[in-house]
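Chemist: Just passing along the structure, written as structure tokens.
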Amino acid sequence: MILVTGGAGFIGSNFVLDWRAAQMSEGVVNLDALTYAGNRENLAALQGDAGHVFVHGNICDHALVEQLLATHRPRAVLHFAAESHVDRSIHGPGAFMKTNIEGTFTLLEAARAYWATLNGPEKDAFRFLHVSTDEVYGSLGPNDPPFAETNPYEPNSPYSASKAASDHLVRAWCHTYGLPVLTTNCSNNYGPFHFPEKLIPLMIVNALAGKPLPVYGDGQQVRDWLYVKDHCSAIRTVLASGRLGETYNVGGLNEKPNIEIVHTVCALLDELRPSAAGSYTRLITFVKDRPGHDRRYAIDARKIERELGWRPAETFESGIRKTIQWYLDHPEWVLRVQSGAYRDWVQQQYQ
Ligand code: NAD
Ligand code: TYD
């Protein structure tokens, strides 16, 4: 068994689906609080799979985490659960401090106590893998080298500050208590099941609905886009052979300004689902910039390639086409997310 936190969210659900498909012999306990970002419908393909145990609960609940570890005796904890949207962190940072910092602390303490009960090979094999972000490194200038694992932490948003704090806790629990941890810091993900509050899914669903495509500021902010399935394979690789206590940056080798992303989404939709009203680019609308908006993120992913042999399989061109096709093929998923009905999905599904 492995214990995954946040496995009903965007990356967590992709990870759990891939894990069950690739590794049928090893089950998953999936602990998720089902915040607005958690959607059990993402896991519909696992209905009837006895190797997937879903637990509706909070990572800040020490007694629950302790009980799950004691009952299922996982060989690893993979920690995805977080409040993850920068814009929400600007409007309401409290939930970010609670889940990202206190929640990580709670997990680390429970994992430490559980790990202390293990012996021999079980103890040696145990891992706590913390999924984090490149945003902890701050913002790059146009000619700066990309973020390496050795870059200083310079978080700028409440979200990235809370993730930076959680990374520091994970590091300290390794250094002080010897907990066998691994940390991954990855760039912006995109792909299936991405909640349409983030750039790429928002542009797709707004375009299809004929709504404005809001581009913050001048649209020249740069992100490095990583297809979510590549991120999942990187996490499996780090779990299998990452060096204890190390951090690994994971990137997609796809640095692009936001406005280029939006134009690519429009061009693909023009090809795959043309609108009678003309090109979707007509909907592009420049809006007020995000406060403290980081200008550029870029990842130097040479360490994970050199040490563990991992590289992304998708180019941006192949990944974005798959992503757009997925949204075109799943209009009901989009509708239920937009209407809020996804929150009742389990009830509807099983009644
Ligand atoms: P998400 O917001 O889509 O999903 C988060 C999940 O965590 C949801 O299912 C939610 O219900 C759950 N959750 C939130 N608070 C919880 C709590 N207190 N207890 C239990 N579950 C809780 O996020 P995501 O995009 O899938 O990101 C997953 C991880 O990857 C996060 O740690 C995030 O910081 C990191 N990350 C994401 C990106 C990205 O581009 N999405 C990039 C870099 C790093
Ligand atoms: P986002 O998907 O929120 O990820 P992050 O802030 O974690 O990088 O945003 C990606 C980029 O797109 C970021 O520079 C902000 C920008 N953006 C827009 O221009 N318009 C939007 O409506 C959104 C959600 C984001």
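Here, each number is a calculation from the coordinates, and none is a lab measurement. Computed from a predicted structure; not experimentally measured. For neighbour counting, all protein chains shown are included, and Cβ atoms are generated from backbone atoms with ideal geometry for every residue, glycine included.
Chemist: Hey, got a sec? Which GluC sites (Glu not before Pro) in segment 219-302 land in a DSSP loop and have at most 10 other Cβ atoms within 10 Å?
Modeler: Here no GluC sites (Glu not before Pro) fit, given the DSSP loop and packing criteria.
Chemist: Which whole-number percent gives the relative contact order of the chain, counting Cα pairs below 8 Å spaced six or more residues apart?
Modeler: Details: 636 pairs, mean separation 61.8, N = 351.
Dividing the mean separation by the residue count of the chain yields 18 percent.
Chemist: Something else about it: Where both residues lie in segment 185-291, what percent of DSSP beta bridges are antiparallel, nearest 5? Write out the running numbers ahead of the final one.
Modeler: Working: 3 of 12 bridges.
Looking only at bridges with both residues in segment 185-291, the antiparallel portion is about 25 percent.
Chemist: Starting from the eigenvalues of the Cα gyration tensor, five times each then square-rooted, give me the equivalent ellipsoid semi-axes of the chain, largest first, whole Å. Intermediate values should be presented prior to the final figure.
Modeler: Values: eigenvalues 210, 115, 67 Å².
Gyration-tensor ellipsoid for the chain: 32, 24, 18 Å.
Chemist: To the nearest 20 Debye, how big is the dipole of the chain about its Cα centre, given +1 on the beta carbon of each Lys and Arg and -1 on that of each Asp and Glu?
Modeler: It comes to approximately 160 debye.
Chemist: If we count other beta carbons within 10 Å of each Cβ, what is the order of His175, His79, fewest first?
Modeler: So the residues, fewest neighbours to most, are His175, His79.
Chemist: For Asp230, Asp344, Asp18, what's the fewest-to-most ordering of other Cβ within 10 Å of each Cβ?
Modeler: Asp344, Asp18, Asp230
Chemist: For each of Tyr137, Tyr177, count neighbouring Cβ atoms within 10 Å of the residue's Cβ, then give the residues from fewest to most.
Modeler: Lowest count first: Tyr177, Tyr137.
Chemist: Gaussian network model of the chain, Cα springs within a sub-10 Å range: biggest mean-square fluctuation belongs to which of Ala70, Ala82, Ala277?
Modeler: Of the options given, Ala277 has the highest mean-square fluctuation.
Chemist: Next up: With springs only between Cα atoms under 10 Å, which of Pro257, Pro74, Pro274 fluctuates most in a Gaussian network model of the chain?
Modeler: Pro274
Chemist: Another one. Using only DSSP helix segments of four residues or longer, with each worth -39500 (n - 2.57), what per-residue ellipticity at 222 nm results for the chain after dividing by its residue count and rounding to 500?
Modeler: My calculation for the chain gives -12500 deg cm²/dmol from helical runs alone.
Chemist: Quick one: among Thr71, Thr247, Thr323, which has the greatest mean-square fluctuation in a GNM of the chain with alpha-carbon springs under 10 angstrom?
Modeler: Thr71
Chemist: Can you compute the radius of gyration and Dmax for segment 15-163, using only the Cα atoms, both in Å?
Modeler: 17.3, 51
Chemist: DSSP loop (so not H, G, I, E, B), at most 15 other Cβ within 10 Å: list which GluC sites (Glu not before Pro) in segment 4-103 pass both filters.
Modeler: Qualifying residues, ordered by number: Glu26.
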